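The values are calculated or read from the model by the stated rules, or taken from the named source; none is laboratory data. These figures come from a predicted structure and were not determined experimentally. Note: ideal-geometry Cβ built from the backbone for every residue, glycine included; neighbour counts use all protein chains shown. For accessibility, only protein heavy atoms count, side chains too; no ligands or nucleic acids. Shrake-Rupley method; radii C 1.70, N 1.55, O 1.52, S 1.80 Å.
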Amino acid sequence: MTLAKVLEADSAKLFAAVSGILAERGLVSPQEIVERMASTDRASPALGAAMVARAWTDPGYAARLLKDGTAAAEEAGIMMLGMPPLGVLENTPDTHNVVVCTLCSCYPRAVLGYPPFWFKSTAYRARTARDPRGVLADWGTTIPADVRIRVVDSTADYRWMVLPMRPAGTEGWSAERLAGIVRASDMIGVTVPPAQDASASPS
Amino acid sequence: MTLADGIPVRVKDEWPEAVGPVHCRTPHYIRGKHGMVVRHLGDFPDPGDIAFEREPVMRSLYHVAFPFRELWPEGSDDELVVEVYDHWLEPEHRA
């Protein structure tokens, strides 16, 4: 079969053929494929948000998260087997991190789920590497001029997520409540978490 | 090659895609640019080898930081950090 025919083939038939060959050669069993598909579908920004909230309320976990994101994700019950290593970038009063993949759309799927459409867009990928403050302004995010922006271009083997700063006004909140204010865009770095519950109406 | 944290490096000004088919993870905008090693991220099989079904060479991967003013004419005090494999990096000796 030529490449063109493979590209035009019915995807369900192609999947059945490839998974059949993989099983026949003992490389990957149908059960393993089903498990991986379920694990991929389960992943959502809620996983990353729970890790962020735990880091905000447990300094020991925060230190482990920054040292080895993969191990910290596993500690939070997320299956990292076969996933690229996870790096975690800490926002501080001096530095604000923004993640982009200019070459394709590398994204920390294990902890954030499927990448949003805008993360994969050529506009986001091209502009973030050159004009991050302009991109952030489009999101309504203003980072003070004396805070350095660090754009992390995810070009190779790592996947990166941002550990945002805990917003003021959330003192005494439970980890569960804190997790509710952390969005995917906060963990990519185009926004910062609001100090208000998602259900609360904006004032 | 082992590059220590904080040492100045230059990304090679090479354009292998002009010669033939390649799978290259070094973005064009950092080629020939001067940066600084942030840290060694680990050793990984060369994606260029994997893409062409060659037995992969293990490459050291580094996080390298570039000031925006090194990359773009309009510049700024912000910085950009990229994962770069060691065979693309040359250590520099700056005064």
When only DSSP loop residues count, what trypsin sites (Lys or Arg not before Pro) in segment A:1-107 have their Cβ near at most 14 other Cβ atoms within 10 Å?
-> A:25
Heads up, the protein assembly as shown by the C-alpha gyration tensor (a ≥ b ≥ c square roots of eigenvalues; a/c under 1.5 rounded, else a/b over b/c prolate, else oblate) looks oblate
Interface B:A - total buried accessible surface [probe 1.4 Å, Å², rounded to 100] = 1900
Probe 1.4 Å, accessible area per residue of the protein assembly as shown, Å² = 53
Taking square-rooted eigenvalues a ≥ b ≥ c of the alpha carbon gyration tensor, is segment B:8-91 rounded, prolate or oblate, where a/c under 1.5 means rounded and, failing that, a/b exceeding b/c means prolate?
-> oblate
Free-by-geometry Cys in chain A, Cβ-Cβ under 4.7 Å as pairing rule, reported as A:104
Within 10 Å of each Cβ of A:152-161, how many other protein chain Cβ atoms are there on average?
-> 6
Pop out the carbon and sulfur fraction of the accessible area of the protein assembly as shown as a percent, whole number, probe 1.4 Å.
-> 57
Which FRET efficiency value, to the nearest 0.05, is calculated for residue A:66 and residue A:105 with the Förster distance at 41 angstrom and r the Cβ-Cβ distance?
-> 0.95
Whether segment A:78-128 is rounded, prolate or oblate, judged on the alpha carbon gyration tensor where a/c under 1.5 counts as rounded | oblate
Residue A:145: net charge of surrounding residues, Cβ under 13 Å, Lys/Arg +1, Asp/Glu -1, itself excluded?
-> -2
With a 1.4 Å probe on protein heavy atoms only, tell me which residues of segment B:56-95 lose at least 20 Å² of accessible surface in the complex relative to the chain by itself.
-> B:63, B:68, B:72, B:74, B:78, B:79, B:80, B:81, B:83, B:85
Which angle from 0 to 90°, rounded to the nearest 10, does the C-alpha axis of helix A:45-57 make with the longest principal axis of chain A?
-> 40
So, over other residues within a Cβ distance under 12 Å of residue A:68, counting Lys, Arg +1 and Asp, Glu -1, the net charge is 0
What is the dipole size for segment A:43-188, taken about its Cα centre, with +1 at each Lys and Arg Cβ and -1 at each Asp and Glu Cβ, in debye to the nearest 20?
-> 360
